[in-house]
Amino acid sequence: MFHLVPSGAGTDVLGLSTTATEDGDDFIINGQKIWTSGAHAADAMFALVRTDPNAPKHRGISFVMIDDIHAPGITVRPLINMNDGHYFNEVFFEDVRVPARNLVGELNRGWYVGMTLLDFERSNIAGAVAARRSLNRLFDEIRADELGARARVGDGPLRHELAERYVEIEVMYQLSFRIISMQNRGLVPNYEASMAKLFNSELSQRLALTATRVFGLHANRFEEGDPASRASRMYVAMVPATIRGGTSEVQRNVIATRGLGLPRD
(Lines give C-alpha, C1' and ligand atoms only; values in the text may rest on other atoms or scores of the structure.)
Protein backbone atom coordinates (compact mmCIF):
# COMPACT_ATOMS: atom_id res chain seq x y z
CA MET A 1 0.00 0.00 0.00
CA PHE A 2 1.27 3.46 -0.90
CA HIS A 3 0.22 6.77 0.56
CA LEU A 4 0.78 10.36 -0.58
CA VAL A 5 2.36 12.52 2.09
CA PRO A 6 2.66 16.33 1.63
CA SER A 7 5.07 16.45 4.56
CA GLY A 8 4.98 18.97 7.35
CA ALA A 9 2.06 20.90 5.97
CA GLY A 10 -1.26 19.30 6.89
CA THR A 11 -3.66 20.49 4.19
CA ASP A 12 -1.43 23.44 3.17
CA VAL A 13 0.92 21.75 0.72
CA LEU A 14 2.77 24.96 -0.14
CA GLY A 15 3.58 25.46 3.53
CA LEU A 16 5.38 22.14 3.88
CA SER A 17 8.53 22.28 5.98
CA THR A 18 9.80 18.71 5.99
CA THR A 19 13.21 18.79 4.33
CA ALA A 20 15.19 16.41 2.15
CA THR A 21 18.91 17.14 1.96
CA GLU A 22 21.07 15.50 -0.67
CA ASP A 23 23.93 13.45 0.76
CA GLY A 24 25.81 11.50 -1.87
CA ASP A 25 23.41 9.04 -3.43
CA ASP A 26 20.75 9.61 -0.76
CA PHE A 27 18.24 12.12 0.49
CA ILE A 28 18.15 12.64 4.25
CA ILE A 29 14.58 13.47 5.32
CA ASN A 30 13.67 15.29 8.53
CA GLY A 31 10.29 16.58 9.63
CA GLN A 32 6.75 15.54 10.42
CA LYS A 33 3.45 14.98 8.65
CA ILE A 34 0.01 15.00 10.22
CA TRP A 35 -3.21 13.53 8.76
CA THR A 36 -1.51 10.60 7.05
CA SER A 37 -4.37 8.30 6.12
CA GLY A 38 -3.66 4.59 6.36
CA ALA A 39 0.02 4.93 7.28
CA HIS A 40 -0.36 2.28 9.99
CA ALA A 41 -1.24 -0.27 7.31
CA ALA A 42 1.17 0.93 4.62
CA ASP A 43 4.47 -0.58 3.54
CA ALA A 44 5.63 2.41 1.52
CA MET A 45 4.65 6.00 0.83
CA PHE A 46 5.29 8.93 -1.45
CA ALA A 47 6.40 12.17 0.15
CA LEU A 48 6.47 15.79 -0.94
CA VAL A 49 9.54 17.31 0.68
CA ARG A 50 11.31 20.67 0.47
CA THR A 51 14.63 20.32 -1.30
CA ASP A 52 15.33 24.02 -1.85
CA PRO A 53 14.29 26.19 1.12
CA ASN A 54 15.21 29.41 -0.71
CA ALA A 55 12.96 28.83 -3.71
CA PRO A 56 9.42 30.25 -4.04
CA LYS A 57 6.81 28.18 -2.22
CA HIS A 58 5.56 26.19 -5.20
CA ARG A 59 9.13 25.49 -6.29
CA GLY A 60 11.86 23.81 -4.31
CA ILE A 61 9.52 20.88 -3.60
CA SER A 62 10.41 17.36 -4.69
CA PHE A 63 8.40 14.16 -4.87
CA VAL A 64 10.19 11.08 -3.52
CA MET A 65 9.20 7.51 -2.87
CA ILE A 66 9.93 6.10 0.58
CA ASP A 67 9.89 2.42 -0.22
CA ASP A 68 10.04 1.18 3.38
CA ILE A 69 7.82 2.88 5.94
CA HIS A 70 9.42 0.70 8.61
CA ALA A 71 12.91 2.07 7.94
CA PRO A 72 14.98 3.48 10.83
CA GLY A 73 13.97 7.03 11.73
CA ILE A 74 10.32 6.72 10.67
CA THR A 75 7.74 6.75 13.46
CA VAL A 76 4.01 6.33 12.81
CA ARG A 77 1.70 7.47 15.61
CA PRO A 78 -2.06 6.87 15.54
CA LEU A 79 -4.63 9.66 15.61
CA ILE A 80 -8.03 8.50 16.85
CA ASN A 81 -10.82 10.42 15.13
CA MET A 82 -14.09 11.58 16.66
CA ASN A 83 -15.80 8.47 15.29
CA ASP A 84 -13.53 6.52 17.66
CA GLY A 85 -11.75 5.06 14.65
CA HIS A 86 -8.11 4.77 13.68
CA TYR A 87 -7.52 5.79 10.09
CA PHE A 88 -5.38 8.92 10.41
CA ASN A 89 -1.82 9.01 11.67
CA GLU A 90 1.05 11.41 12.10
CA VAL A 91 4.45 10.40 10.76
CA PHE A 92 7.81 11.61 12.02
CA PHE A 93 11.04 11.52 10.01
CA GLU A 94 14.40 11.70 11.76
CA ASP A 95 17.47 11.43 9.51
CA VAL A 96 15.66 9.00 7.23
CA ARG A 97 17.82 7.92 4.31
CA VAL A 98 16.10 7.46 0.97
CA PRO A 99 17.99 6.64 -2.24
CA ALA A 100 18.14 9.64 -4.58
CA ARG A 101 17.00 7.33 -7.39
CA ASN A 102 13.59 7.32 -5.66
CA LEU A 103 12.99 10.87 -6.91
CA VAL A 104 9.81 10.99 -9.01
CA GLY A 105 10.02 13.54 -11.82
CA GLU A 106 12.45 16.43 -11.66
CA LEU A 107 14.23 17.78 -8.61
CA ASN A 108 12.43 20.81 -7.14
CA ARG A 109 9.40 20.29 -9.40
CA GLY A 110 7.49 17.84 -7.24
CA TRP A 111 4.63 20.33 -6.87
CA TYR A 112 3.53 19.56 -10.43
CA VAL A 113 3.78 15.79 -9.87
CA GLY A 114 1.70 16.11 -6.70
CA MET A 115 -0.94 18.28 -8.34
CA THR A 116 -1.33 15.83 -11.23
CA LEU A 117 -1.69 13.00 -8.71
CA LEU A 118 -4.37 14.98 -6.88
CA ASP A 119 -6.28 15.45 -10.13
CA PHE A 120 -6.54 11.67 -10.38
CA GLU A 121 -7.27 11.20 -6.67
CA ARG A 122 -10.17 13.61 -6.82
CA SER A 123 -11.71 12.04 -9.91
CA ASN A 124 -12.46 8.48 -8.73
CA ILE A 125 -15.88 6.90 -9.00
CA ALA A 126 -15.61 5.24 -5.58
CA GLY A 127 -17.56 8.06 -3.93
CA ALA A 128 -20.50 7.60 -6.29
CA VAL A 129 -20.50 3.83 -5.71
CA ALA A 130 -20.31 4.25 -1.92
CA ALA A 131 -23.13 6.80 -1.92
CA ARG A 132 -25.39 4.56 -4.01
CA ARG A 133 -24.73 1.59 -1.72
CA SER A 134 -25.48 3.68 1.36
CA LEU A 135 -28.72 4.98 -0.09
CA ASN A 136 -29.84 1.52 -1.25
CA ARG A 137 -29.18 0.12 2.22
CA LEU A 138 -31.17 2.99 3.71
CA PHE A 139 -34.07 2.21 1.35
CA ASP A 140 -33.96 -1.44 2.48
CA GLU A 141 -34.08 -0.36 6.11
CA ILE A 142 -37.05 1.91 5.41
CA ARG A 143 -38.89 -0.93 3.65
CA ALA A 144 -38.17 -3.18 6.63
CA ASP A 145 -39.54 -0.40 8.87
CA GLU A 146 -36.41 -0.45 11.02
CA LEU A 147 -37.05 1.58 14.20
CA GLY A 148 -40.25 3.02 12.72
CA ALA A 149 -38.50 4.51 9.71
CA ARG A 150 -41.37 3.96 7.25
CA ALA A 151 -43.85 6.09 9.16
CA ARG A 152 -41.23 8.78 9.68
CA VAL A 153 -40.62 9.02 5.94
CA GLY A 154 -44.29 8.88 4.93
CA ASP A 155 -45.28 11.14 2.05
CA GLY A 156 -43.80 14.30 3.52
CA PRO A 157 -40.62 16.37 3.18
CA LEU A 158 -38.31 13.51 4.16
CA ARG A 159 -39.55 11.43 1.24
CA HIS A 160 -38.70 14.30 -1.12
CA GLU A 161 -35.31 14.65 0.56
CA LEU A 162 -34.58 10.99 -0.17
CA ALA A 163 -35.56 11.56 -3.80
CA GLU A 164 -33.14 14.50 -3.96
CA ARG A 165 -30.33 12.32 -2.65
CA TYR A 166 -31.15 9.72 -5.30
CA VAL A 167 -30.98 12.31 -8.10
CA GLU A 168 -27.75 13.78 -6.73
CA ILE A 169 -26.10 10.37 -6.69
CA GLU A 170 -27.02 9.87 -10.33
CA VAL A 171 -25.49 13.28 -11.10
CA MET A 172 -22.33 12.16 -9.30
CA TYR A 173 -22.20 9.06 -11.49
CA GLN A 174 -22.38 11.20 -14.62
CA LEU A 175 -19.56 13.45 -13.38
CA SER A 176 -17.46 10.34 -12.75
CA PHE A 177 -18.22 8.87 -16.17
CA ARG A 178 -17.15 12.14 -17.79
CA ILE A 179 -13.81 11.95 -16.02
CA ILE A 180 -13.38 8.26 -16.87
CA SER A 181 -13.99 9.05 -20.54
CA MET A 182 -11.30 11.75 -20.40
CA GLN A 183 -8.81 9.39 -18.80
CA ASN A 184 -9.64 6.74 -21.39
CA ARG A 185 -8.63 9.26 -24.07
CA GLY A 186 -5.33 9.97 -22.35
CA LEU A 187 -6.42 13.31 -20.89
CA VAL A 188 -5.77 14.50 -17.34
CA PRO A 189 -8.88 15.90 -15.63
CA ASN A 190 -8.26 19.10 -13.73
CA TYR A 191 -11.21 21.32 -12.92
CA GLU A 192 -13.42 18.36 -13.84
CA ALA A 193 -11.86 16.38 -10.99
CA SER A 194 -12.43 19.31 -8.63
CA MET A 195 -16.09 19.40 -9.68
CA ALA A 196 -16.45 15.71 -8.85
CA LYS A 197 -14.62 16.01 -5.54
CA LEU A 198 -16.59 19.08 -4.45
CA PHE A 199 -19.94 17.60 -5.41
CA ASN A 200 -19.28 14.19 -3.90
CA SER A 201 -17.88 15.42 -0.57
CA GLU A 202 -20.84 17.73 0.04
CA LEU A 203 -23.26 15.05 -1.19
CA SER A 204 -21.83 12.56 1.33
CA GLN A 205 -22.58 14.99 4.15
CA ARG A 206 -26.14 15.60 2.95
CA LEU A 207 -26.74 11.86 2.57
CA ALA A 208 -25.50 11.18 6.09
CA LEU A 209 -27.74 13.90 7.49
CA THR A 210 -30.74 12.47 5.63
CA ALA A 211 -29.99 9.02 7.09
CA THR A 212 -30.07 10.40 10.64
CA ARG A 213 -33.42 12.07 9.95
CA VAL A 214 -34.85 8.75 8.77
CA PHE A 215 -34.22 7.31 12.25
CA GLY A 216 -35.13 10.41 14.21
CA LEU A 217 -34.08 10.46 17.86
CA HIS A 218 -32.79 6.88 17.53
CA ALA A 219 -29.84 8.40 15.63
CA ASN A 220 -28.58 9.87 18.89
CA ARG A 221 -27.25 6.41 19.68
CA PHE A 222 -23.59 5.79 18.99
CA GLU A 223 -23.27 2.05 19.26
CA GLU A 224 -22.40 -0.80 16.93
CA GLY A 225 -24.71 -2.76 14.72
CA ASP A 226 -28.16 -1.16 14.52
CA PRO A 227 -29.16 1.05 11.57
CA ALA A 228 -29.64 4.23 13.60
CA SER A 229 -26.15 4.01 15.11
CA ARG A 230 -24.73 3.30 11.67
CA ALA A 231 -26.37 6.47 10.39
CA SER A 232 -25.03 8.56 13.26
CA ARG A 233 -21.54 7.16 12.78
CA MET A 234 -21.72 7.91 9.05
CA TYR A 235 -22.75 11.48 9.87
CA VAL A 236 -19.74 11.97 12.15
CA ALA A 237 -17.41 10.25 9.68
CA MET A 238 -18.42 12.64 6.89
CA VAL A 239 -17.48 15.80 8.80
CA PRO A 240 -13.94 15.88 7.30
CA ALA A 241 -15.17 14.99 3.77
CA THR A 242 -15.07 18.64 2.66
CA ILE A 243 -11.54 19.07 4.04
CA ARG A 244 -9.56 15.97 3.05
CA GLY A 245 -8.17 15.85 -0.46
CA GLY A 246 -8.48 19.63 -0.71
CA THR A 247 -11.12 21.79 0.93
CA SER A 248 -14.33 22.77 -0.81
CA GLU A 249 -12.99 26.34 -0.98
CA VAL A 250 -9.91 25.11 -2.85
CA GLN A 251 -12.07 23.13 -5.29
CA ARG A 252 -14.24 26.18 -5.98
CA ASN A 253 -11.13 28.24 -6.69
CA VAL A 254 -9.87 25.60 -9.15
CA ILE A 255 -13.23 25.48 -10.90
CA ALA A 256 -13.39 29.29 -11.05
CA THR A 257 -9.87 29.89 -12.38
CA ARG A 258 -9.18 26.83 -14.50
CA GLY A 259 -12.71 25.91 -15.50
CA LEU A 260 -14.39 29.30 -15.92
CA GLY A 261 -11.26 31.35 -16.60
CA LEU A 262 -12.01 33.86 -13.84
CA PRO A 263 -9.12 36.03 -12.53
CA ARG A 264 -7.37 35.01 -9.34
CA ASP A 265 -7.73 38.49 -7.79
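Would you confirm whether any residue within segment 196-205 is closer than 19 Å to R132 by Cβ, in contact (Cβ under 8 Å) with a residue 40 or more places away in the chain, assigned to a helix (DSSP H, G or I) and open to solvent by 60 Å² or more (accessible area, probe 1.4 Å)? Steps first, please.
Filtering segment 196-205 for residues closer than 19 Å to R132 by Cβ gives 196-205.
Subsequent filtering for residues that are in contact (Cβ under 8 Å) with a residue 40 or more places away in the chain retains 196-198, 200-204.
After this cut, where a residue has to be assigned to a helix (DSSP H, G or I) as well, the list is 196-198, 200-204.
Imposing the further condition that a residue be open to solvent by 60 Å² or more (accessible area, probe 1.4 Å) reduces the set to none.
The answer is no; no qualifying residue exists.
Looking at T210, T257, which is the one that is among the hydroxyl-bearing types (S, T, Y), part of a helix (DSSP H, G or I) and either more than 24 Å from G114 (Cβ to Cβ) or open to solvent by less than 20 Å² (accessible area, probe 1.4 Å) (or both)? Steps first, please.
Numbers: T257 fails: either more than 24 Å from G114 (Cβ to Cβ) or open to solvent by less than 20 Å² (accessible area, probe 1.4 Å) (or both).
The unique qualifying residue is T210.
Out of all the residues in segment 22-62, which are in contact with a helix residue (DSSP H, G or I) (Cβ under 6 Å, 6 or more places away or on another chain) and at pLDDT below 85?
Listed by number, the residues that qualify are K57, H58.
Regarding G246, is this residue on the phi > 0 side of the Ramachandran plot and open to solvent by 60 Å² or more (accessible area, probe 1.4 Å)?
Values: on the phi > 0 side of the Ramachandran plot: yes; open to solvent by 60 Å² or more (accessible area, probe 1.4 Å): no.
Judged against the criteria, G246 is not a match.
If H58 satisfies every condition in (1) out of contact with any Phe, Trp or Tyr (no Cβ under 8 Å at 6 or more places or on another chain); (2) surrounded by fewer than 21 Cβ atoms within 10 Å (Cβ to Cβ); (3) closer than 29 Å to E202 by Cα; (4) touching a residue at least 40 places away in the same chain (Cβ under 8 Å) but one, which is the exception?
Against the list (1) out of contact with any Phe, Trp or Tyr (no Cβ under 8 Å at 6 or more places or on another chain); (2) surrounded by fewer than 21 Cβ atoms within 10 Å (Cβ to Cβ); (3) closer than 29 Å to E202 by Cα; (4) touching a residue at least 40 places away in the same chain (Cβ under 8 Å), H58 comes up short only on (1).
Within segment 227-254, can you find the residues that are farther than 30 Å from D145 by Cβ and part of a loop (DSSP other than H, G, I, E, B)? Step through it out loud before you land on a result.
We begin by selecting, within segment 227-254, every residue farther than 30 Å from D145 by Cβ; these are 240, 242-254.
Hits for segment 227-254 are I243, R244, G245, G246, T247.
Against the conditions (1) among the charged types (D, E, K, R); (2) farther than 19 Å from Q251 by Cα; (3) surrounded by 15 or more Cβ atoms within 10 Å (Cβ to Cβ), where does E192 fall short? Just the number, please.
Unmet for E192, out of (1) among the charged types (D, E, K, R); (2) farther than 19 Å from Q251 by Cα; (3) surrounded by 15 or more Cβ atoms within 10 Å (Cβ to Cβ): (2).
So G225 fits all but one of (1) open to solvent by less than 50 Å² (accessible area, probe 1.4 Å); (2) without any contact (Cβ under 8 Å) to a residue 24 or more places away in the chain; what number is the exception?
That leaves (1) as the condition not met.
How many residues, within segment 228-254, are polar (S, T, N, Q), in contact (Cβ under 8 Å) with a residue 12 or more places away in the chain and within 20 Å of L118 (Cα to Cα)? Quick ask: steps written out before the conclusion?
We begin by selecting, within segment 228-254, every residue polar (S, T, N, Q); these are 229, 232, 242, 247-248, 251, 253.
Remaining after also requiring in contact (Cβ under 8 Å) with a residue 12 or more places away in the chain: 232, 242, 247-248, 251.
Checking which are within 20 Å of L118 (Cα to Cα) leaves us with 242, 247-248, 251.
So the answer is 4.
The values are calculated or read from the model by the stated rules, or taken from the named source; none is laboratory data. A quick note: this is a predicted structure, and the numbers were derived from the prediction, not measured. No Cβ is skipped: glycine too gets one built from the backbone with ideal geometry, and neighbour counts run over all protein chains shown. SASA here: full protein model, heavy atoms, side chains in, ligands and nucleic acids out. Shrake-Rupley method; radii C 1.70, N 1.55, O 1.52, S 1.80 Å.
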